[in-house]
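Okay, structure first, notes after.
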Amino acid sequence: MNYAAIKENDIADGPGVRVSLFVSGCTHHCKGCFQPETWNFDYGKPFDETTEDALMKALEPDYKAGLTLLGGEPMESENAKRLLPFVKRVRETYPSKNVWCYSGYLFEELLKRDECLKLLELVDVLVDGEFMEEQKDISLVFRGSANQRIINVPLSLREGKVVLMQEL
């Protein structure tokens, strides 16, 4: 897996100050995508142990609220498989920090794919749905278009249905 960028002090992709990992590779190709270069799975740099260690160090300060996974598409099969051990490491090392994930896939689709379900089980919040330029709304918090949902993943998995986050 490659990654396009890392933001060590991101305040746009989830609540608080976050560490955000923008993975490479996406098959959605949404019209109006703000990072079309991340569609290419070979774009950017290799996600290796050195990268993981740097992300872990960036998450260390108490003021960091958590990790955000976006892209590209974290839930593309090859990306989800590679992210799974890393996110497990994050959860074990920083159990009080939360994990957000942005995916163009719908929650219901991800439940049907084993590697994605395993990753979802480690995620606190999923922003799902493809970006739709015709539903773009810059007033929305933590999402780009009105079709996208902000989902409480642990509660949704327990309840067996999508449970949206309350106002953030």
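The trypsin sites (Lys or Arg not before Pro) of segment 18-76 that DSSP puts in a loop, and whose beta carbon has at most 16 other beta carbons within 10 Å, are 31. Helical runs (DSSP H, four residues minimum) scored at -39500 (n - 2.57) apiece and divided by the length of the chain put the mean residue ellipticity at 222 nm at -8000 deg cm²/dmol.
Semi-axes of the equivalent ellipsoid for the chain, computed as √(5λ) from the eigenvalues of its C-alpha gyration tensor and ordered from largest down, come to 21, 19, 16 Å. With neighbours defined as other Cβ atoms within 10 Å of a residue's Cβ, the residues 1, 56 order from fewest to most as 56, 1. Counting only DSSP beta bridges whose two residues both lie in segment 27-164, roughly 45 percent are antiparallel.
Mean sequence separation of contacting Cα pairs (under 8 Å, at least six apart), scaled by the length of the chain, corresponds to a relative contact order of 19 percent.
A straight line joining the Cα centroids of segment 121-137 and segment 16-77 runs 15 Å. Checking every one of the chymotrypsin sites (Phe, Trp or Tyr not before Pro) in segment 1-87 against DSSP loop status and a limit of 14 other Cβ atoms within 10 Å picks out 34, 63. If only the Cβ of Lys and Arg carry +1 and only the Cβ of Asp and Glu carry -1, the dipole of the chain around its Cα centre is close to 280 debye.
Rule-based calculations on the coordinates, nothing more; no lab input. Predicted model only: the values in this text are computed from it and were never measured. Counting neighbours? That spans all protein chains shown, and the Cβs are built from the backbone with ideal geometry, glycine included.
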